[in-house]
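The values are calculated or read from the model by the stated rules, or taken from the named source; none is laboratory data. Bear in mind that the values here come from a model prediction, so they are computed numbers and not experimental data. Cβ placement follows ideal geometry from the backbone for every residue including glycine, while neighbour counts extend to all protein chains displayed. Accessible surface areas use protein heavy atoms only, side chains included; no ligands, DNA or RNA. Shrake-Rupley method; radii C 1.70, N 1.55, O 1.52, S 1.80 Å.
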Amino acid sequence: MSELLPPPPPGRTSGFGDPALVFPEFASKQCVLEKVQEEEGEGEDSSYGKGSFDLSSRFSSPAISRNGFDNFEIPKKTSSLKQPPSGLRLSGFQEEEETDRSQNSGSFGDEEKRRCSGCFRECCAWTCMFLSIVLIILLLTGLSVNSSIKSKLPQVFVANLKFSKLDFVKSSTDLLMNANVNTVLQLSNNNDKTVLYYSPMKADVSSENINLGQKKLDGFKQNPGDVTTLKIATRLRKSKVYDVDATLLRNKEKYVQVVVDVLLSGKLSFDWLGFRVRLPIVIACDGVKQSDVLNGLKPTCDVRIFSQ
């Protein structure tokens, strides 16, 4: 029994084909090896193949004796798939968690941006709508106030226009003019209850770029429904004029075709909604033809507020 068993003859496979059939004690060891293989998994030992263990090749080695089954050592299999260190596994998990966290934070940030942009657009829309409503209210209020104030203004007509004196004197160097112009304006207060208060006003009379004089008028009060006649007498002495302008003015006055501009500036006051309103006004009588006035026509003057 101490001698080594001879190898099986070639061509004979019965008996020595499976060592567990010849040596019953070796079968128990083979079962142990199979349990080890099941625990460690298939395909881990590259030296034995994918999960297989060739007992016949191991048994046919001459190092195994008949009496040495008790000393048979089960080869320890080394796993070909080495698990990474715990630190690497933890770091991998941490990287995955950080990646998930960054993705979640990124998606949350995008959602917040979309939400903020929507809120901003909604806020802008409401602000624009509010400002539009305020502007429309202010515009309507301004139009209403302007219409109400204009209804309080008087109506002004030119009742008379006459040159009482017009002559020219030629000096050694210049041509001088002397003129007296009498202009009569008619102011009507057509309001039912509103009293108009006129401040002192300044009157300017001109014709064809020729100054015909200035006049300061006293202030006065006009009751509702009253018609006030305002006489403006201007006087001009030794005013320098050009020869062409003097000739045109002389010819037009001779044929009663002089065109005159009358301008009054001052302030008008009246009571409105319980307040005393004081407005700067300008009464402009532009392009008044002397012939129309002498024929009984009354050219209308324009009454302007907030004008110079």
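Assorted remarks:
- Filtering region 259-280 for residues that are free of Cβ contacts under 8 Å to residues at least 40 places away in the same chain, surrounded by 17 or more Cβ atoms within 10 Å (Cβ to Cβ) and within 21 Å of Leu187 (Cβ to Cβ) leaves an empty set.
- Breaking point among (1) aliphatic (A, V, I, L, M); (2) within 26 Å of Ser148 (Cα to Cα); (3) open to solvent by less than 10 Å² (accessible area, probe 1.4 Å), for Leu230: (3)
- Identity of the residue in region 164-183, part of a strand (DSSP E or B) and not hydrophobic (A, V, I, L, M, F, W, C), that ends up least open to solvent (accessible area, probe 1.4 Å): Thr183
- Check on Ser188, among the small types (Gly, Ala, Ser), under 27 Å from Gly287 (Cβ atoms) and open to solvent by less than 20 Å² (accessible area, probe 1.4 Å): yes
- Lone unmet requirement of (1) open to solvent by less than 90 Å² (accessible area, probe 1.4 Å); (2) touching a Ser or Thr at 6+ places or on another chain (Cβ under 8 Å); (3) over 20 Å from Asp292 (Cα atoms) for Gln214: (1)
- Selection status of Val256, open to solvent by 40 Å² or more (accessible area, probe 1.4 Å) and either out of contact with any strand residue (DSSP E or B) (no Cβ under 6 Å at 6 or more places or on another chain) or among the hydrophobic types (A, V, I, L, M, F, W, C) (or both): yes
- The number of residues in region 227-256 that are at pLDDT below 90 and small (Gly, Ala, Ser) comes to 2.
- Strands (runs of 3 or more DSSP E) fully within region 211-308 counting 3 or more residues that are aliphatic (A, V, I, L, M) and either within 51 Å of the chain's Cα centre (by Cα) or closer than 22 Å to Asn182 by Cβ (or both): 227-241, 259-272, 275-289
- A count restricted to region 191-205 and to residues that are open to solvent by less than 40 Å² (accessible area, probe 1.4 Å) and in a strand (DSSP E or B) stands at 5.
- Whichever residue in region 114-161 is among the hydrophobic types (A, V, I, L, M, F, W, C) and surrounded by 11 or more Cβ atoms within 10 Å (Cβ to Cβ) and, among such residues, is farthest from Leu294 (Cα to Cα): Val145
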